[in-house]
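Reading through the structure tokens given below for one structure.
The values are calculated or read from the model by the stated rules, or taken from the named source; none is laboratory data. Because the structure is predicted, anything quoted here is derived from the model rather than measured. Note that each Cβ is placed from the backbone with ideal geometry, even for glycine, and that neighbours are counted across all protein chains shown.
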Amino acid sequence: MKQRLLFLLFIYSTTYFDLYAQDRPSFKCQPVVVKGHFQDLRLGDSLRIGGAILEYGLGASSAQRYFSVGSESFVFKFDPIRVPSQIQIRVDTIRNGKNIPLMISDVFLIEPGDTIILSKNGRKVSYSGTDRKISLLQEVDKIGTILKKKRWQNVEQIRPVENDYNYLDSVTILQLLYLEQIKDQISTTAYSLSKIDILCSNLSFKRHIERRVVNKDNYLKLRNFYNVQDANFGKAESIRKSLANYYDRIAEELKSARAKYSFFFPYSKAYSSLIKLNYEKDSCIIPDSPFDLRKYYCYLKNNFGGLLRERLLVDFVFSNISTIDDRGFFIRDAMPYIKNHDFVNYLLKISTGVKGDPAYNFTLPDLSGNKVSMESLKGKVVVMDFWGTGCGPCIKLHPIFDKVVDYFSDNSNIIFLSVSLDEDSLKWRNSVMGGKYTCTSKPNLLNIYTDGLGHNHPMIKYHNIRGIPAMVLVNSIGNIEENPTDPWSEDGKGLIKKIELLIKAIPEAD
């Protein structure tokens, strides 16, 4: 294996090490077009074609269109994008009022002005582009997917970690070799971002390999791989030595790419993910310290600059909306560093529903059809639990949330709202009555429904609910409090303490 890897490295380094340098591309704001022609639909069928675009790998702008069977050719445009982005396409057949999924694509790279072609063969829907970029980059991904799957199909197999690293590097070199072969057929942007993503994927996978070893040998801490002072772990020590002596050519190649292609790194979601994995290894796992969001935020702010820092800070806020106590603090602190117009707008979009803001004044139906409004609940502490059918973590949270509701069963100063994001009212009712997500027997808990709008309801957008389960605490005057970031902690005791403080702060009646 090692000889084969060295051979591949030799070919790659001697043939392609001096990567071509080109002027930075300029991006024009243009729409992404989706079109196709399906002929084999049944009479009465219709199509729903939609997708989501993530600019900078951040907030998604989505669009969907319905096409009747009579219009077999279809074309629609997403809102214009100004930077290279990621897209995921979904195609459904609507038959007798029911959705029949036909395709959910992988997430793939697009550029402003791209056209995506959908084609259908039987029940299979595939996608390509008017140029060869999409299909060529799919081949790059296939090399990695097939070979990695073959290697790790038996995840319980015990192997030296260095062997895994060598195999992973050989796969990466093959991907890079193929990318070099097609570079003249794709844009500079597509080439550069694909190279960055290939390198980052390799290094991220290595971080996960290390975690796999830790999980398999739970007596072993990853820091022993790197801490030469600690040499009393037998097999673990041999693993540590192999990793400590491992020359990571891919990490060196990424450093080289940083120097040559720094312009493109702010557009890579894979790079920002790798930064976090490396931080966790170096600052948390090796020194055996807990991960602290505020320390990580300061690390990003103090160790990066320019557009890359802007992207990392915005990504931090986006990625941790439901897990940071005071989102408003991070938005206010990050704003002076943000110059890019898109990033300023991203932060402004999520600047509502922060601590101190009034809660959204909704009016929504409960199980009995009665209207429940936030205005009618003023004077009480309100705890809103957002969930949806099929959400596994929501089921896991339910018994803990139940304990919190029971703890305050005799307190008239608090009300709990179980807010469903289901779009189908029958599904919502069945889930409520099933008892896995919520319950109907507690007088201080109301089950309410977002009127079929789900994630598109204005309340959900106002409070920036981007994942479920999620909770929002509202004080007695109707203003938002700090997020209960981890209701699982201490079996709900942390949430109970927060609620008790809010109840004590209720002004006494005159």
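Kindly list the number of the only condition in (1) in contact with a Ser or Thr (Cβ under 8 Å, 6 or more places away or on another chain); (2) closer than 22 Å to residue 328 by Cα that fails for residue 378.
Residue 378 satisfies every listed condition except (2).
Output the residues belonging to region 180-226 that are out of contact with any Ser or Thr (no Cβ under 9 Å at 6 or more places or on another chain), outside any helix (DSSP H, G or I) and either at pLDDT 90 or above or surrounded by 20 or more Cβ atoms within 10 Å (Cβ to Cβ) (or both).
The answer is 187, 222.
Looking at (1) in contact with a strand residue (DSSP E or B) (Cβ under 7 Å, 6 or more places away or on another chain); (2) modelled with pLDDT of 85 or more; (3) small (Gly, Ala, Ser), can you tell me which one residue 305 breaks?
Every condition holds for residue 305 apart from (1).
How many residues does region 354-374 contain that are free of Cβ contacts under 8 Å to residues at least 60 places away in the same chain and among the charged types (D, E, K, R)?
Result for region 354-374: 1.
Exactly one condition in (1) surrounded by fewer than 11 Cβ atoms within 10 Å (Cβ to Cβ); (2) at pLDDT 80 or above is not met by residue 32; state its number.
Of (1) surrounded by fewer than 11 Cβ atoms within 10 Å (Cβ to Cβ); (2) at pLDDT 80 or above, only one is false for residue 32: (1).
Results for (1) among the aromatic types (Phe, Trp, Tyr); (2) under 25 Å from residue 351 (Cα atoms); (3) in a loop (DSSP other than H, G, I, E, B); (4) not assigned by TED's automatic domain parsing to the domain that holds residue 97, shown as yes or no for each residue.
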position	(1), (2), (3), (4)
400	no, no, no, yes
426	no, no, no, yes
439	no, no, yes, yes
495	no, yes, no, yes
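On the basis of being modelled with pLDDT of 80 or more and out of contact with any Phe, Trp or Tyr (no Cβ under 9 Å at 6 or more places or on another chain), does residue 115 make the cut?
yes
With the checklist (1) over 23 Å from residue 345 (Cα atoms); (2) modelled with pLDDT under 90 in hand, flag the one item residue 323 doesn't pass.
Exception for residue 323: condition (1).
Kindly indicate which of 158, 146, 100, 94 is modelled with pLDDT under 85, surrounded by fewer than 19 Cβ atoms within 10 Å (Cβ to Cβ), under 25 Å from the mean Cα position of the chain (by Cα) and more than 20 Å from residue 249 (Cβ to Cβ). Don't jump to the end; show me each part of the working.
Numbers: 158 fails: under 25 Å from the mean Cα position of the chain (by Cα); 100 fails: under 25 Å from the mean Cα position of the chain (by Cα); 94 fails: under 25 Å from the mean Cα position of the chain (by Cα).
Every option except 146 fails the conditions.
Where residues in region 462-510 are over 15 Å from residue 402 (Cα atoms), polar (S, T, N, Q) and modelled with pLDDT under 85, which of them is surrounded by the most Cβ atoms within 10 Å (Cβ to Cβ)?
The extreme case among them is 483.
Tell me which residues, restricted to region 447-469, are outside any loop (DSSP other than H, G, I, E, B) and either β-branched (Val, Ile, Thr) or touching a helix residue (DSSP H, G or I) at 6+ places or on another chain (Cβ under 9 Å) (or both).
Result: 447, 448, 449, 454, 455, 460, 461.
Tell me, which residue of region 412-429 that is at pLDDT below 90 and among the polar types (S, T, N, Q) is surrounded by the most Cβ atoms within 10 Å (Cβ to Cβ)?
425
Taking region 440-471, which residues are more than 18 Å from residue 392 (Cβ to Cβ), out of contact with any Pro (no Cβ under 8 Å at 6 or more places or on another chain) and of a type in the set (A, V, I, L, M, F, W, C)?
Passing the criteria: 445, 446, 453, 459, 460.
Which residue out of 312, 277 is closer than 22 Å to residue 344 by Cα and either buried (at least 18 other Cβ atoms within 10 Å of the Cβ) or in contact with a Gly (Cβ under 7 Å, 6 or more places away or on another chain) (or both)? Explain how you work it out, then say what you get.
Numbers: 277 fails: closer than 22 Å to residue 344 by Cα.
Selected residue: 312, the only one of 312, 277 that is closer than 22 Å to residue 344 by Cα and either buried (at least 18 other Cβ atoms within 10 Å of the Cβ) or in contact with a Gly (Cβ under 7 Å, 6 or more places away or on another chain) (or both).
Please state which of the following conditions residue 390 fails to meet, knowing it meets all the rest: (1) touching a residue at least 12 places away in the same chain (Cβ under 8 Å); (2) within 13 Å of residue 469 (Cα to Cα).
For residue 390, the failing item is (1).
Would you mind stating whether residue 372 is over 29 Å from the mean Cα position of the chain (by Cα), surrounded by 14 or more Cβ atoms within 10 Å (Cβ to Cβ) and part of a strand (DSSP E or B)?
Details: over 29 Å from the mean Cα position of the chain (by Cα): yes; surrounded by 14 or more Cβ atoms within 10 Å (Cβ to Cβ): yes; part of a strand (DSSP E or B): yes.
Here the answer is yes, as residue 372 does meet what is asked.
Only residues that are assigned to a loop (DSSP other than H, G, I, E, B) and surrounded by fewer than 16 Cβ atoms within 10 Å (Cβ to Cβ): list them for region 108-130, please.
113, 122, 123, 130
What number goes with the only condition from (1) in the same structural domain as residue 408 (by TED's automatic domain parsing); (2) loosely packed, with under 14 Cβ neighbours inside 10 Å that residue 345 does not pass?
(1)
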